[in-house]
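Derivation of every value follows stated rules applied to the coordinates shown; laboratory data play no part. Please read all numbers here as calculations on a predicted model, not as lab measurements. Cβ coordinates were reconstructed from backbone atoms using ideal geometry, including for glycine residues, and neighbour counts include every protein chain displayed.
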Amino acid sequence: MGELQGVDILSAGQFTREQIELVLNTTAGIRRRRRDEQLKMYPGMILVTTFFEPSSRTRGSFQAAALRLGGGYIDMGSEKVSSLAKGEDFNDTIRTYDRLEPDVIVVRHPEIGSAQRAADLARSPVINAGDGTNEHPTQGLLDLYTIWSLRKKKLEGLTIALCGDLKNGRTVHSGVRFYSHFGCRLIFVSPDTLKMPTEITEGLRSEDVSVVETSNLIAAMKVADVLYMTRIQKERFDNESNYRKVSGSYILTPEMVERVNRPKMLILHPLPRIDEIARGVDDLPNAVYFEQVRCGLYLRMALLALVSGRLS
Ligand code: NCD
């Protein structure tokens, strides 16, 4: 049986280094295959996507991944078109889709722990596509894969600066747990009120990872190999006025990138972007956030193939 066959993907913390490397190498292998070969990998696979929160990339990416493996998908749709409109709850929705015997169920929901709850209810493997402010492990993996593939498959010793809403941003919560396996130096750049939660920092493998906290983005950029920008997570604030206090805290401009003069520094962002990266940055060779989207497709093809036991 394959290392990840039948396994629920709920948290970055569940992965061993060997499993991470398996995912990275499988992704690279799938990417090298011709499209017609990819389409023969899993004819008949059925993926269910249930998104109880907005999504463009993650939903599209998982659905495209299922199609590219030769399979198909069932999407729950929005609250307006699903039985949620009639008052059906989360548990019954998950149980219902699970009884269609899909190969994998992807879940995004605003509550922390919702993916675990779905996994407890479902017989099919569940992949967490974001449970509130907690985690988004497949985004963390695709970020890691993007860096790995663009830095000649070497992650050891990289300095990674993560900037923005580190308190509420689930992609960075998953990301740092992956980076910690590779002896990366982490710099957390945020306003005082949006710092990385201490339980995440304290849970990192301290023998392998060093962490520095600052609010100074330029200082971090001067030493960073990777700059990971994030959106201030407006939907997680109690009210508009608290959001306003921190919105626009960091806006990366082409002038700032020029000023630090680090031509090899990669700039990542999970997207969607609001104003934290000026549009002018998009044309710089450092900007790889749309490349991340492409990497995400292959990464999710690999994950679906591994979890459903098509590859090991
Ligand atoms: C992220 C998310 O949903 O957490 N988006 C994504 O999946 N690419 C980041 C965000 O919404 O800011």
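Miscellaneous remarks
- Prolate/oblate/rounded label for segment 85-138 (Cα gyration tensor, a/c 1.5): oblate
- Label point 7 Å beyond Cα of E255 along Cβ direction - residues of segment 203-236 with amide nitrogen under 17 Å: 217-219
- Once the Cβ-Cβ distance of E111 and D75 is raised to the sixth power relative to R0 = 30 Å, the FRET efficiency obtained is 0.90.
- Rounded to whole Å, sorted largest first: equivalent-ellipsoid semi-axes of the chain, Cα gyration tensor: 31, 23, 18
- For the chain, the longest principal axis of the Cα atoms and the long axis of helix 57-68 meet at an angle of about 50 degrees.
- Here the extension length gained between E202 and R35 equals 55.8 nm, from 0.36 nm per residue of separation less the Cα-Cα distance.
- Segment 177-239: translational diffusion in µm²/s, Stokes-Einstein, Kirkwood Rh over Cα pairs, 37 °C, 0.692 mPa s: 252
- Simple label model, 7 Å out from Cα along Cβ direction - K195 to S210, nm: 2.0
- In the chain the longest region clear of trypsin sites (Lys or Arg not before Pro) that are loop-assigned by DSSP and have at most 15 other C-beta atoms within 10 Å covers 155-204.
- Annotation for segment 171-189 versus segment 19-61: alpha-carbon center distance of 24 Å.
- The distance between label points at K245 and I218 comes to 2.6 nm (points 7 Å beyond Cα on the Cα→Cβ vector).
- Annotation: amide H of Y73 within the under-5 Å range of L47, sequence separation 5 or more or interchain, hydrogens built in the peptide plane.
- Taking a straight line from the alpha carbon of K245, these lysines sit under 18 Å away, with near neighbours fewer than eight places off in the same chain left out: K167, K195, K234.
- Set of segment 77-96 residues, backbone N closer than 17 Å to the point 7 Å along the Cα-Cβ line of D120: 89-96
- Inter-part distance where segment 212-269 and segment 81-146 are each reduced to a Cα centre, Å: 30
- In this calculation the C-beta distance from K153 to D275 is compared with R0 = 25 Å, giving a FRET efficiency of 0.15.
- For K152, the lysines whose Cα falls under 21 Å of its own Cα, not counting residues fewer than eight places away in the same chain, are K264.
- Calculated Rg and Dmax of segment 1-48 using C-alpha coordinates, Å: 12.8, 35
- Cα-based convex hull, segment 137-292, per residue volume (Å³, whole number): 103
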